[in-house]
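The next block holds one structure in the form of structure tokens; read it before the comments.
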Amino acid sequence: PDDAENFKFEAEVSRMLDIVVNSLYQNKDVFLRELISNASDALDKVRFLSISKPELLQGEEKLQVQIEFDSEASTLTIRDTGIGMTHDEMISNLGTVARSGTTRFLQGLKGADGESGQVSQIGQFGVGFYSAFLVADRVQVASKHPESDTQYVWTTTNGSSEFQIFADPRGTSLVRGTEITLFLKEDAIDYANETRLQTLAKHYSEFVTHPIYLRTEQTMEVEIEDDEDDAPAAEDEEKKEGEDDLEVEEEEEEAEGKPKKTKEVTTFEFEQLNGNPAIWTRSKEDISDEEYKAFYKVVSRDESSSAEHWSHFNAEGNINFKSLLYLPDTPPEAWMTGMQEMDKSGLSLYVRKVLISDEFELLPRYLAFLRGVVDSDDLPLNVNRETLQESKIIKVIKKKVVRKALEMIRNFMKEADKEAAEAKPAEDDEDDEDAPATTSKYNEWYSKFAPSLKMGALDDEPNRPKIMKLLRFKSSKTGEDGWTSLEQYVENMKDFQKEIYFVAGQDVESVEKSQFLETFSQKDVEVLYFLDPIDEYMASNVREFESAKFKNIATENIKLETEDDKDLATRREKFYKKKFKPLTKYLKKLYGPSIMRIAISSRLVSTPAIASSAEYGHSANMERIMRAQAY
Ligand code: ADP
Ligand code: MG
């Protein structure tokens, strides 16, 4: 227009626009997140200011974001009823780098070495308003500040070093707020698409406080009055206005059987895209269990599992963040079917309710079945994805989250065990007070997640002592149906016992047949059943629990005797050794190098002879596993 004023972008803005446009970063999607976030910021602002100045809300009470698209014109509009901008604010906010996001971005550039760093950070965090140019040739911003009488338009073309501002020729089409129209680039026209916009807005802005609506088109077939129906059109109209439903129905009945004329009618509707409250930002006391459980479904996007337990906490220190972690009751589907990538954790990273990424490794692999969110204000915008993953901040968050996660599992275990113990009938008490609570909900949960926890005990050395306490095993005392913990095992150890004994095999039935068990049963010494392939592997790496060493009862050199027994045993052994010398000599000769040693043993009770592995060699079970993996 004639009255348009021309302005030059500040030099740094031009430089940045250049980078944004020329980077051609593949993840252009972030523009929508940035524009919605700006709208949401503007809405927050007017809500805050209206507390002392209620007149700011006059004429438009509703605080909302509306998205509209026109696939024929290739335009996309994002409109809000936020605080809006005055003429001067448009110049300073959209034409200079005084603004926060932009400034931080440029600071980031100074620190980044090399072009690649510059480019990739755009994709991760966007550069605020200017990310509009990732998808638009021309951007037009119309804005009406509640304290300005005029609605102004700010516009610029991609690649230009200038922008214009003029009074909106449409007058004040907005009661209050800002409307940003993007004239989409050729290669970005597919953003003017209902499904695309729904998906994107839901992905990034699902938890934005203000409602986000998408204008959608509905085409309906509606019946039109038959010409033969001699009811005059005017009367028809009257009927509609009078809402004389009965009359209309009668008419329809009359028309039955006759061919009906229909026409297509297009209507528009605003469909709300978000609406899930970001409950992690609220205080714990105000959130019911039902809300927590419902929110699990939102974050996990998994219908097949539910929340078993959760931990909602505020981490304060050098790095502040809020987090809500969930323990699923069964392994989430994506995790089971491999749809969740191996190195991807089930946590999403938010900055003030806006999704930054769900691809950060915020949890170690062994805890990747957990679900939840982490939200931090402290994340810098001036680092790229790769750097952020390596950054101290992510490391600090990860460490804290892991600690909280293990704590959550431990709490669940304790509560479930306590509950089960209380539920136990009183008459049982006398029998076996220490018997592990076999009905504990934790056991049920554990049986589905055991391999992950064992993996954790192997991998996560700093947390190993904590993880070991979460493990459970079947044993010669619990049999098929029970479970015991290592803590419980150590507590039940005999006075003369210094080691944790285990026998490894495929299932309870086969390990219970083990000849080695006999001596232990006779002395009432509990033996753990290692039935998972990883168990023995773990034991040989972890070596001990609370300074009791793991010992495979199928290896030689297990001394299972009290001091009194010892003397007798040594004498007995000596006697038999001598007596059977001819036999052992003969057998050694017979088997030759295929056997390491023939020895007299005090470990056998009713079995005459046994083949066992050397203490530091592979056990028979490990050999079985290795053979199974070898082909
Ligand atoms: P940031 O959001 O980090 O401040 P942006 O580049 O995203 O940086 O936005 C620049 C500035 O433009 C904002 O700080 C705000 O003042 C103004 N702005 C952008 N979008 C809107 C909007 N929808 N309503 C009001 N002001 C806006
Ligand atoms: Mg912004």
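Read-outs throughout are calculated quantities, based only on the coordinates presented, and are distinct from any laboratory measurement. Bear in mind the structure is a predicted one, so any value in this text is a computation, not a measurement. A quick note on method: Cβ atoms are made from the backbone with ideal geometry, for glycine too, and the neighbour counts reach across all protein chains shown.
Amide H neighbours of Phe530 under 5 Å, at least 5 residues apart or on other chains, H built in the peptide plane: list them.
Residues meeting the amide H criterion: Val503, Ala504, Gly505.
Could you sort 573-584, 159-170, 473-484 so that the peptide with the highest average Cβ count within 10 Å comes first and the rest follow in order? Don't skip to the answer; put the middle values down first.
On the way: 573-584: 11.7, 159-170: 15.3, 473-484: 18.6.
Those peptides, ordered most packed to least, come out 473-484, 159-170, 573-584.
Please work out how much length the chain gains when fully extended from Ala294 to Glu271, using 0.36 nm per residue of separation minus the C-alpha to C-alpha distance, in nm with one decimal.
Extra length from Ala294 to Glu271 when fully extended: 6.1 nm.
Under 1.5 on a/c is rounded, so check that first for the range 437-503, then, if it is not, pick prolate when a/b is larger than b/c and oblate when it is not; a ≥ b ≥ c are the square roots of the alpha carbon gyration tensor eigenvalues.
oblate
Taking 0.36 nm per residue of separation and subtracting the Cα-Cα distance, what length does fully extending Tyr591 through Ser92 add? Spell out each step's value before the answer.
Details: separation 499, 0.36 × 499 = 179.64 nm, distance 9.26 nm.
In short, 170.4 nm is gained.
Place a point 7 Å from the Cα of Thr150 along the Cα-to-Cβ direction; which residues of the range 1-19 have their backbone N under 18 Å from it?
Within reach of a label on Thr150, which here means backbone N under 18 Å from a point 7 Å along Cα→Cβ, the range 1-19 contributes 1-8.
For the range 464-470, in order, what is each residue's ³J(HN,Hα) by Karplus, 6.51 cos²θ - 1.76 cosθ + 1.60 with θ = phi - 60°, in whole Hz (x at glycine and Pro)?
3, x, 5, 5, 4, 6, 8
Determine, from the Cβ-Cβ distance of Lys578 and Lys549 and an R0 of 35 Å, the FRET efficiency 1/(1 + (r/R0)^6), rounded to the nearest 0.05. Show your work: numbers first, answer last.
On the way: r = 32 Å, r/R0 = 0.92.
After rounding, the FRET efficiency stands at 0.65.
Sorted from fewest to most neighbouring beta carbons within 10 Å, what does the list Ile279, Ile595, Ile287, Ile356 look like?
Details: Ile279 20, Ile595 11, Ile287 17, Ile356 24.
Fewest-to-most Cβ neighbours within 10 Å comes out as Ile595, Ile287, Ile279, Ile356.
Take the Cβ-Cβ distance between Ile189 and Asn27 as r, set R0 to 25 Å, and report the resulting FRET efficiency rounded to the nearest 0.05.
That gives a FRET efficiency of 0.90.
Which FRET efficiency, nearest 0.05, do Thr216 and Asp41 yield, Cβ-Cβ r, R0 22 Å?
Computed FRET efficiency for Thr216 and Asp41: 0.30.
Using 0.36 nm per residue of separation minus the Cα-Cα distance, give me the extension gain between Ala73 and Lys202 in nm, one decimal.
On the way: separation 129, 0.36 × 129 = 46.44 nm, distance 2.42 nm.
Gain on extension, Ala73 to Lys202, equals 44.0 nm.
Please list, ordered by chain and number, the residues whose modelled amide H lies under 5 Å from the amide H of Asp378; skip anything fewer than 5 residues away on the same chain.
Under 5 Å from the amide H of Asp378: Asn320.
Distance from the Cα centre of the range 457-473 to that of the range 295-327, in angstrom?
Cα centroid of the range 457-473 versus Cα centroid of the range 295-327: 22 Å apart.
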